[in-house]
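Take a look at the structure below.
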Amino acid sequence: MNGIPGAALRYRIMAWITGVVLATAFTWMVLLIVMWMVDGNALTDFFSSNEQKPTAYGVLWIVHGWAYFLYLIAGVDLAFRLRYSIVRTVLILLAGTVPFMSFVAERYVHKDLARRALPSSVS
Amino acid sequence: MTHQVSMARPAPSDLGRLALTPRFLLRAGLALLLILAFAFLGYWQWERTQDVLAAERAALAEPVAIDGLNPIGQAITSETVGRAVSAVGSYQSQDQRLVVHRGLNGSTGIWVVTPLELADGSLVAVMRGWLPNGDAPGLQPPAGQVSISGVLQADESFYKGAPTTPGEIAAISQQSLNWGPQARSGFIVLASQDPATQPAPTPVPIAPQATDVAFPFQNFFYAFQWWVFALFVVAVYLRWLWLDAQLLKEESMSRPPAPAEPSLD
């Protein structure tokens, strides 16, 4: 199947967007939780209460959700083209939900591409 | 392996035959499990959306003290109208007003509006309920301190200048009540009173309004998204089936023509 460089570029872009949005939202969440617990509240109440969370924070998670959906499409497309195994594909796809892991997955995929001596569209 | 542009287009019958192989039946089963799981997760987020809304509405329906809500000289705002409120004070029966021509369950009667004097000396109108007429038992409010809860309403603005006899009014407003500069605007529709007294006017139930709670967009979008993911599983399965069928076709085309088509039956 052709179109590997294009698919790799699409995957790389989505991995970075998803990764940056997720890292921002995750860091923000950690900060909010620290402030929440410094105020003497229980950790479990943080997730059941929406009052102390800024609107932009919630929006960021929604943005991550849809960026991740595009990441899935780009990731599945690339995995099909590279004929990756199911396990490898699922791990790459799940990396978009773990903070900072999509960067790792993206590095892995592009190293793999370089090893196969297939031209990656971005150096 | 040569990098030729693949031109093999599997026929629908190829796809069907491939879909019934053990390998693709297993994949279809896994896809179905994923779809069910995603549908359930979406339903769970949808439930969370409803729960958060209910909790926010319940918090808003919890009565707040009237003290800072409608200070003297300020009109009821759109944020405070319909709000569940509580107040502590004593009824001033000498300034009680009867609102005429008010129906309840098909019978015409009156509403009883009594000023409640709060600790700071201000007066707030309490619509204590409905009576068939001004001679019915229950007209007199209890003496002494009571704590009440109800729903805050804005002044009524209709029937201005309607002719009435003293002590009777056509609509509840600061002008018609005429209680002087200590009166707060609006009125409380009584829901409960402690201590309760009998006989008393029939309560006119009004539900607290909760239209302005924050909608939990995050849960709502997550619910929607899980269902989109479920559809995505279908797309991945079909793409997989198509690509594998294409691969089989390419392999059979690159092979020298076999004497007979291998049967999969």
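The values are calculated or read from the model by the stated rules, or taken from the named source; none is laboratory data. Model, not experiment: these values are computed from the prediction. Backbone-built Cβ (ideal geometry, glycine too); neighbour counts: all protein chains shown. What goes into the accessible areas is simple: the full protein's heavy atoms, side chains included, and nothing from ligands, DNA or RNA. Shrake-Rupley method; radii C 1.70, N 1.55, O 1.52, S 1.80 Å.
List, by residue number, every residue in region A:72-92 with a reduction of 30 Å² or greater in accessible area between the chain on its own and the complete protein assembly, 1.4 Å probe.
A:72, A:76, A:80, A:83, A:86
Of A:78, A:32, A:93, which is the most mobile in a GNM of chain A whose springs link Cα atoms less than 10 angstrom apart?
A:32
Rounded to the nearest percent, how much of the accessible area of region A:1-82 (1.4 Å probe, protein heavy atoms only) is carbon and sulfur?
Carbon and sulfur together cover 74 percent of it.
Looking at region B:156-254, which chymotrypsin sites (Phe, Trp or Tyr not before Pro) are in a loop (DSSP not H, G, I, E or B) and have at most 13 other Cβ atoms within 10 Å?
B:158
Once chain A is represented by equal point scatterers at the alpha-carbon sites, with solvent omitted, what log10 I(q)/I(0) does the Debye formula produce at q = 0.12 Å⁻¹?
-0.52
Near residue B:172, within a Cβ-to-Cβ distance under 15 Å, what is the net charge of the other residues, with Lys and Arg +1 and Asp and Glu -1? Provide the component values of the computation, followed by the final result.
Numbers: positive: B:97, B:102, B:128, B:160, B:184; negative: B:95, B:155, B:156, B:168.
Every neighbour counted, the sum reads +1.
Report, in degrees rounded to the nearest 10, the 0 to 90 angle that the Cα long axis of helix B:217-254 makes with the longest principal axis of chain B.
Helix B:217-254 and the main axis of chain B meet at about 10 degrees.
Write down the accessible area per residue of the protein assembly as shown in Å², having rolled a 1.4 Å probe over the full set of protein chains.
For the protein assembly as shown, the per-residue accessible area is 57 Å².
Indicate the helices, whole DSSP H runs only, in chain A that combine a mean Kyte-Doolittle hydropathy of -1.0 or more with a Cα extent along their long axis of 20 angstrom or more.
A:4-38, A:55-82, A:101-115
Counting pairwise Cα distances across region B:1-71, what percent come out greater than 16 angstrom?
Considering region B:1-71, 75 percent of its Cα-Cα pairs are separated by more than 16 Å.
Can you compute the label reach from residue B:75? Point 7 Å from Cα along the Cβ direction, backbone N cut-off under 16 Å, restricted to region B:120-156.
Counting only backbone N, you get B:153-156.
Regarding region B:176-252, what are the three Cα extents along the principal axes, ordered largest first, in Å?
Here the Cα extents, ordered largest to smallest, are 97, 32, 19 Å.
Please compute P(r) over all alpha-carbon pairs of region B:84-194, binned at 5 Å starting from zero, and give each bin as a whole-number percent.
With a bin width of 5 Å, the distribution comes to 2, 13, 23, 27, 21, 10, 3, 0.
Consider all pairwise Cα distances in the protein assembly as shown and report the whole-number % of them above 30 Å.
62
Output the 0 to 90 degree angle, nearest 10, between the alpha-carbon long axis of helix B:22-61 and the longest principal axis computed from the alpha carbons of chain B.
Approximately 10 degrees, to the nearest 10.
Rounded to two decimals, what is Rg over Rh for chain B when you use alpha-carbon atoms and the Kirkwood radius? Before the final figure, lay out the partial values.
Values: Rg = 35.5 Å, Rh = 24.4 Å.
Result: Rg/Rh = 1.45.
Given a Förster distance of 22 angstrom, what is the FRET efficiency for residue A:30 paired with residue A:94, based on the Cβ-Cβ distance and rounded to 0.05? It would help to have the intermediate numbers written out before the result.
Working: r = 21 Å, r/R0 = 0.94.
About 0.60, to the nearest 0.05.
So if I average 1/r over every pair of distinct C-alpha atoms in region B:52-147 and take the inverse, what Kirkwood radius in Å does that give? Could the numbers behind the result be given before it?
Values: mean 1/r = 0.0659 Å⁻¹.
Its Kirkwood hydrodynamic radius stands at 15.2 Å.
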